[in-house]
Amino acid sequence: MNSETMLMMLIALPFAGACLAALFPPNARNAETWAAALVTLGAVVLSASLFPAVATGTPVRLNIEWLPTLGLSFSLRMDGFAWLFSMLVTCIGFLVVIYSRYYMSPDDAIPRFYAFFLAFMGAMLGIILSGNLILLVVFWELTSIISFMLIGYWYQKADARDGARMSLTITGVGGLGLLAGVLLIGHIVGSYDLDAVLDSGDLIRSHPLYVPAICLVLLGAFTKSAQFPFHFWLPNAMAAPTPVSAFLHSATMVKAGVFLMARLWPVLGGTYEWFWLTGFAGAASLLLGAYFAIFQRDIKGLLAYSTISHLGLITLLLSLGSPLGAVAAIFHMMNHATFKASLFMAAGIIDHESGTRDMQKLGGLFKLMPYTATLAMVASAAMAGVPLLNGFLSKEMFFAEAIETHADSILDTAAPYVAVIASAFAVTYSIRFIHAVFFGERPADLPREPHEPPFLMRLPIQLLVLACLVIGIIPAITVGSFLHIAVVSVLGADTPAYSLAVWHGLTVPLGMSVIALIGGALLYVLLRHYLAHCEEGPPYFRRLKGQRIFERVLVFVSWRFARLVEATLGTRRMQQQLRLLVAVSLVAAAIPFYNSNFGLGLFELGQIDIPFALLWVIGIACAVGAAHQAKFHRLVALILLGGAGVVTCITFVWLSAPDLAVTQLLVEIVTAVLILLGLRWLPKRWEDTELGRAPISTKLRRGRDLLVAAVAGLGMTLLSYAVMTRPSPDTISGFFLRKAYEEGGGRNVVNVILVDFRGFDTFGEITVLGIVALTVFALFRRFRPAPDTIESPEQQRIQAATDEERSDRITGQTVSDYLLVPSVIMQWLFPVIIVFAAYLFLRGHDLPGGGFAAGVAMSAAFILQYLAAGTVWVEDRLRILPVNWIGLGLLIAGCVGIGSWVFGYPFLTSYSQYIDLPVIGEIPAATAILFDLGVFSLVVGATVLMLIVFAHQSIRRLRAAKISTTTIEEVA
Amino acid sequence: MEWRSHLLIVPILLPLLTGALLLLFDERRHVLKATLSFVATVILLVVGLVLMRFADSGEPDAARTGVYLLGNWSAPFGIVLVLDRLSALMLVLTGTLALASLTFSLARWDRIGPHYHTLFQFLLMGLNGAFLTGDLFNLFVFFEVLLAASYGLVLHGTGIQRVRAGLHYIAINLAASLLFLVGVSLIYGVTGTLNMADLAVRIPAVTPGDQPLLLAGAAVLGVAFLVKAGIYPLGFWLPTAYTAAAAPVAGIFAILSKVGIYILFRLSLLLFGVDAGASAGFGEFWLFGAGIATVAFASAGVLASQGMARLAGFYVLVSSGTLLSAIGLSTVEVTSGALYYMVSSTMALSAFFLLVELLDRAQDPAADVLAVTMEAYGDDPDMEDVVEDAGLLIPGTIAILGLCFVACAILLAGLPPLSGFIGKFAMLDAIIGSNKPTLDISMFGWLFTAALIGSGLAAMVAMVRAGIRTFWAPIEGTIPRIKLVEIMPVAGLLLLCAAMTIGGGPVLRYMDATARAMHAPHVYVEEVLSASPVPPPATTEGSQP
């Protein structure tokens, strides 16, 4: 197997393992553990076997094209630094998997745990091995998302949910910042490839976008590594199961931030801005983390703050811009991971065995679990920086760096003091952890009786603690070469000379260590009694809870403020929306005229045709009246609307467009009747009797609406005037006039346009008509009238009352005798209108008429029947299936269109000829007339369907009323 | 004329004829109806894919355009259908969403009201027609077709909430249709043509005196499209209507708002693109500004939404706003990324709309019962009662739902590793990325970047909140009963998004080719205007066939 394949497998294996783990049955705890352990062990072996290839000095690379146009390839790259980290991640991952077997309870959903755990490991390896910065961001966000799942693993607990959400929110924000930062780096360098970026240090540092770029990249790194001021999510993430904390919050995820800083340190670091940003964040985290850790009651809380502090130390080291600092940083990343993972696991054992993690409740466990206690003590000593342990070595290097002067500033001057104080704090909290848990009085009221854990649960800790010891005593022999290739791969030619010896002689750093150890121990002695009874959290800072502030800000921004914005800048009221629509279109249409010297042609009074103008005055009056009455007097509005429609019809006649006039007239009639039928079912509205009574605000609103309407209307008028008075352009209508007869086969150009030139439009429009009818049908099937419309109309009641008063009449007689004579005539008109419709249909191709007009005329015949005889009579006698008419109409029209395919022509190509029939004479026989038949059928079907639906409502009303009363009775 | 060339009109005719045919069968034969509808939709998707292969079959950099002359009249006199990479893309997207929504509705929704399948097919006809047509008035017709069908569908299932939101929807869209007509008439009045390609030729020649009239027409037309796209401040109706609509209807409506976007993309580049002379770049500034405002407002709306359906409704606006500002930026690279984003976000939204119903079922089992009692109150003796054959209790239902939800959340928030991220990254890369290191990033670029990142953040916070509330907070979670046909479309759409991520290379290549063709409209114009009708057979005398 070559090294590229191994690299691919290394990253694919955990993800494949995750998929596999998810498929296990919920109770197969052992099998699941074995599988996960095998996967992680496989990853360890793969990592380890890549060492020879990496040790040659050239990184192992694998490049798979992914999104070449965006410069994003799936490229993996393993150099010494990445190798060291991947060893760390896989080894600790393996140990934690074994540990988890004993930690997790049989009731927990084990498949979910291991699936996310392994997926997380894969994502983390992805960050480490990415050879492309965008790919790194991809894996970076993936770790945020998966860690959300792992922190919230016990989602029944509120603190787990909150902790998970907080960590995802903060690291997610950081991830977006990182993405922006990486994009800027890509912008500067011209590539996202890590090698290309690492080669362009000078270019990046001198670019004007350098400062924004590092701010954004550091936002990502600081949030991920829980650096001040984004540190507060980490203690809250302790709600996660302890194996998760051991893996994510010691060794891996929180290390991603410092990993990235170290990775990009050669290109981004070494400047003043970098120094200040990272130096301040690092120093603050180092000091505050250590200080806060002293005052935690929860063991995991203590460890979490300690992690913040140690990561601060690493950040501070990376801020200095000296190669030796970078070496120390890399070394401390390793050391911290080993001792902190083992401490977390020890904390998990204590929690698991005794049932609590509260240090004020615990005590005297040394006698009950001596092995665990010893291991924890060694690991704590490493955390405190006691000599002969690995923590001591990197801390010594840190001290040595802190006393050097790098950039002359307050921060740099303060560094040694900060270092010593923070180390002293570290000693204090380490002692506190050991002393409070393992020594002193053994409390009586522990939830469980503690005892030593199973061997395999302790084994991971033993191995890690052994590593702490071995590295601490003989560093050069054990990790020297590994560390060296990592350092060289980051620093390259700048690699300084450093020594990993335990004893450097009596140096200033050693003195500082001694001061820190003694000072820390003294501090613990002083604070011991206070700590045994204090509240959670450090004095003074206790009230200032990052978590609370975060929650408040989040709730405010993401809920209250957002709702406020939605409520004030948006609306759910239709009136306002329509008003906005009118206003926006007004402005949109006006803008092009602004600043243009557009002039309207002058209006000459002499040109006005007086009767025509009067006609229009009437039409305008009708339209305005309709708008005015629309709200409270619907019937009046409808009649006035009809008036405006008639004026439009006459206008068409006047301007020699008989086709339009015929169609318009028929449509006006049918729609007016249909709306009339619908009016019956609209709820009543009562006018606020006198306008004077309406409140000022209403008046203002109405005034404003009137103004908007008037301005919009005026604007529309001006636009129409401008378009209609300008010289006619070279339009396509000339073509239609020329070709209608010779190629379309009809003298009626309008009809030829409708069924031939633009037959496809007609096809679409009849579909619309059909759909509207179906929609009306569907809506009315479930229609339940408003309560105040259920009663019979007032007129009917008056008639019925008269019947009752008079002894010679039967109730309801007057209503049934209504329009007796006209109704007979109307019934006789039925066949006449059908013939008329046929006439309109046939002559359509040459003279005004056509399928549409014929269809509407036909439906007028049905309307008359309803008017004359009432719904019950018509429904008894008439078997018309309007839905089928609609369907057939569309099918006919469609098939006529498709018919031309047979002859090798496109859809709807028409063929026309005149046929001489006996008696009737010469009639046109264009295929278009068949198409028109489809139109006719559909129009009849659609209008009749709507008619039936409206009319049928009056019958259903009674049944509906019956049904609703019966259901009420049933419920009762 | 070859038979294959008629394939271009099939996406319009097939749903039309299917819808018409379904009208001839009684509601009681719903199995037959559902089968016909389903088969037609599958064929539609296949035809879409075939057409896409055709559109993409030419030279990588050249646009391949298929032109279909309806009634055998050449452009600009007759109506033309035009197929290029962009319209083929939209056809396939429509087919995909249609198949998913239709499959979902087979579980229950298609039997809740009359003529569901017919209306659904007519909606598809309108959508496909709008994507294929090359004629401005014909576009209006297809807009009407799809809107009329959507009116029917938004009311499908009735209920006070739905009818109220539906009537608002109808009122606003009717008003917008009116504006559409006004705009078209103004443009016709000035240029004397309706064919889009012909318009592109005539617009540069419009005299300065007439130019304001033309632009006013274009602006009014634009407002009509912007209403459909849901731009701020004209899009307040959208979240309410989409929330109220039945789940499968909302699932297909996810593409409805993209019709406006599609037209704006096409027309702004075709009519006011590089070759438009004095009118070039018209409206870009306004589109950009309004797009950013939409993203900002809709992000607040996403955060302020309590229900998940409403959240999704607001996210439709986020997606629209992002795309509109991308149109405003008007560069080839941004357009390419925006197209990718559009496909990804539309599929994700559709999946989410479908998923929300399933999740709501877990929240409140009473809601399901309520929908059924609604049936009982109806008075349709001919309507078969919806049998509540409780779906299978699939083991791990919650796990599957949870996984789907997480995938939706990742997609909507634009987080890696799914296609939502790739789309955003593609647009961001076009603005500040590695492609043009020498170019300065404009203020617009910064604003756009901030809007993209900010809206993703808002979506993340809101989705995390909704997810925790749905999956983690309930003490006694009820496991919803879910049928396989309901979860399959959701999973299918999400898997497609995943496939778009892994196969991002070829997909982005297609988008790049599409974007390049859109920004060089002269090829489209030449192809359309040079298409010649089939000559009449020489032997026939007299009138031509």
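Listed conditions (1) more than 46 Å from the chain's Cα centre (by Cα); (2) crowded, with 24+ Cβ neighbours inside 10 Å; (3) of a type in the set (A, V, I, L, M, F, W, C); (4) at pLDDT 85 or above are all met by A:ALA928, apart from (4). State yes or no: is A:LEU569 at the interface with chain B (Cβ under 8 Å from one of its Cβ atoms) and in contact (Cβ under 8 Å) with a residue 12 or more places away in the chain? Judged against the criteria, A:LEU569 is not a match.
State whether the residues of region B:442-460 include one that is closer than 30 Å to B:ALA280 by Cβ, in a loop (DSSP other than H, G, I, E, B) and out of contact with any Lys or Arg (no Cβ under 9 Å at 6 or more places or on another chain). Yes; the residues of region B:442-460 include at least one that is closer than 30 Å to B:ALA280 by Cβ, in a loop (DSSP other than H, G, I, E, B) and out of contact with any Lys or Arg (no Cβ under 9 Å at 6 or more places or on another chain). Taking the residues in region A:756-783 that are assigned to a loop (DSSP other than H, G, I, E, B) and at the interface with another protein chain (Cβ under 8 Å from one of its Cβ atoms) as candidates, determine which candidate is modelled with the lowest pLDDT. Going through the qualifying residues, I end up with A:ARG782. Selection within region A:727-750: residues that are more than 7 Å from every other protein chain (Cβ to nearest Cβ) and in contact (Cβ under 8 Å) with a residue 40 or more places away in the chain. The member of this set that is nearest to the chain's Cα centre (by Cα) is A:VAL750.
In region B:403-423, the residues that are over 14 Å from B:TYR341 (Cα atoms) form no Cβ pair under 6 Å with any partner that is modelled with pLDDT under 90 and of a type in the set (Val, Ile, Thr), whether six or more places apart or across chains. The set of residues in region B:132-169 being open to solvent by 10 Å² or more (accessible area, probe 1.4 Å) and either under 18 Å from the mean Cα position of the chain (by Cα) or modelled with pLDDT of 95 or more (or both) consists of B:PHE140, B:GLU144, B:TYR151. Being more than 20 Å from A:LEU288 (Cβ to Cβ) and of a type in the set (D, E, K, R) is the filter here, so list the residues in region A:303-359 that pass it. Residues satisfying the conditions are A:ASP351, A:GLU353, A:ARG357, A:ASP358. Within the span defined as region A:837-845, one or more residues are at pLDDT below 90 and either within 52 Å of the chain's Cα centre (by Cα) or within 14 Å of chain B (Cβ to nearest Cβ) (or both).
Residues of region B:483-504 that are surrounded by fewer than 18 Cβ atoms within 10 Å (Cβ to Cβ) and either without any contact (Cβ under 8 Å) to a residue 60 or more places away in the chain or within 14 Å of chain A (Cβ to nearest Cβ) (or both): B:LEU495, B:ALA498, B:ALA499, B:ILE502, B:GLY503.
Look at (1) among the acidic types (Asp, Glu); (2) open to solvent by less than 20 Å² (accessible area, probe 1.4 Å); (3) within 14 Å of chain B (Cβ to nearest Cβ) and you find that A:GLU32 fails only one, number (3).
Name every residue in region A:846-893 that is at pLDDT 80 or above and among the basic types (Lys, Arg), in order of residue number. Answer for region A:846-893, where residues must be at pLDDT 80 or above and among the basic types (Lys, Arg): just A:ARG877. Check whether at least one residue in region B:507-525 is touching a helix residue (DSSP H, G or I) at 6+ places or on another chain (Cβ under 6 Å) and among the aromatic types (Phe, Trp, Tyr), and report yes or no. No.
Within the set A:VAL487, A:VAL502, A:VAL525, the sole residue that is part of a helix (DSSP H, G or I) and more than 52 Å from the chain's Cα centre (by Cα) turns out to be A:VAL525.
Quick one: A:CYS468 ticks every box in (1) touching a helix residue (DSSP H, G or I) at 6+ places or on another chain (Cβ under 8 Å); (2) open to solvent by 30 Å² or more (accessible area, probe 1.4 Å) bar one, so which box is it? Evaluating A:CYS468 over (1) touching a helix residue (DSSP H, G or I) at 6+ places or on another chain (Cβ under 8 Å); (2) open to solvent by 30 Å² or more (accessible area, probe 1.4 Å) leaves (2) as the failure.
Criterion first (modelled with pLDDT of 90 or more and of a type outside the set (D, E, K, R)) does A:PHE295 satisfy it? Criteria not met by A:PHE295.
Suppose the filter is small (Gly, Ala, Ser) and either more than 30 Å from B:ALA348 (Cβ to Cβ) or free of Cβ contacts under 8 Å to residues at least 60 places away in the same chain (or both); does B:ALA100 pass it? Taking the combined requirement at face value, the residue does not satisfy it. One residue alone among A:THR33, A:THR56, A:THR69 is within 30 Å of B:ILE422 (Cα to Cα), in the same structural domain as A:LEU129 (by TED's automatic domain parsing) and not aliphatic (A, V, I, L, M), and that residue is A:THR69. Does A:PHE74 meet the test of being assigned to a helix (DSSP H, G or I) and either more than 30 Å from B:MET500 (Cβ to Cβ) or modelled with pLDDT of 90 or more (or both)? No, not satisfied. Return a yes/no flag: does region B:14-31 have any residue that is over 25 Å from A:LEU908 (Cα atoms) and either in a helix (DSSP H, G or I) or in contact with a Ser or Thr (Cβ under 8 Å, 6 or more places away or on another chain) (or both). So far as region B:14-31 goes, yes, one or more of its residues are over 25 Å from A:LEU908 (Cα atoms) and either in a helix (DSSP H, G or I) or in contact with a Ser or Thr (Cβ under 8 Å, 6 or more places away or on another chain) (or both). Determine whether region B:74-91 contains at least one residue that is closer than 18 Å to B:PHE225 by Cβ, open to solvent by 10 Å² or more (accessible area, probe 1.4 Å), in contact with an Asp or Glu (Cβ under 8 Å, 6 or more places away or on another chain) and modelled with pLDDT under 95. No, the conditions are met nowhere in region B:74-91.
Report yes if some residue within region B:37-47 is in a loop (DSSP other than H, G, I, E, B) and either open to solvent by 10 Å² or more (accessible area, probe 1.4 Å) or in contact with a Phe, Trp or Tyr (Cβ under 9 Å, 6 or more places away or on another chain) (or both); otherwise report no. Within region B:37-47 (the criterion being in a loop (DSSP other than H, G, I, E, B) and either open to solvent by 10 Å² or more (accessible area, probe 1.4 Å) or in contact with a Phe, Trp or Tyr (Cβ under 9 Å, 6 or more places away or on another chain) (or both)), the answer is no, since none of the residues qualifies.
Within region A:495-531, the set of residues being small (Gly, Ala, Ser) and either in contact with a strand residue (DSSP E or B) (Cβ under 8 Å, 6 or more places away or on another chain) or exposed (fewer than 15 other Cβ atoms within 10 Å of the Cβ) (or both) comprises A:ALA497, A:SER499, A:ALA501, A:GLY505, A:GLY511.
Remark: pairs (first residue in region A:49-66, among the basic types (Lys, Arg); second residue open to solvent by less than 50 Å² (accessible area, probe 1.4 Å) and in a loop (DSSP other than H, G, I, E, B); Cβ separation under 8 Å; 6+ apart in sequence or on different chains) = A:ARG61/A:GLY131.
Residues are listed down the side, and each one gets a yes or a no for (1) touching a helix residue (DSSP H, G or I) at 6+ places or on another chain (Cβ under 9 Å); (2) closer than 19 Å to A:LYS224 by Cα; (3) away from chain B (no Cβ under 14 Å):
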site	(1), (2), (3)
A:LEU95	yes, no, yes
A:TYR99	yes, no, yes
A:PHE116	yes, yes, no
A:ALA119	yes, yes, no
A:GLY131	yes, no, yes
A:PHE139	yes, yes, no
A:THR143	yes, yes, no
A:LEU150	yes, yes, no
A:LYS157	yes, no, no
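Within the bounds of region B:474-482, is there any residue that is assigned to a helix (DSSP H, G or I), within 14 Å of chain A (Cβ to nearest Cβ) and open to solvent by 30 Å² or more (accessible area, probe 1.4 Å)? Within region B:474-482, none of the residues are assigned to a helix (DSSP H, G or I), within 14 Å of chain A (Cβ to nearest Cβ) and open to solvent by 30 Å² or more (accessible area, probe 1.4 Å).
The values are calculated or read from the model by the stated rules, or taken from the named source; none is laboratory data. All figures in this text were calculated on a predicted structure; none of them were measured in a lab. For neighbour counting, all protein chains shown are included, and Cβ atoms are generated from backbone atoms with ideal geometry for every residue, glycine included. Note: accessible area is taken over every heavy atom of the protein model, side chains too, but ligands, DNA and RNA are not part of it. Shrake-Rupley method; radii C 1.70, N 1.55, O 1.52, S 1.80 Å.
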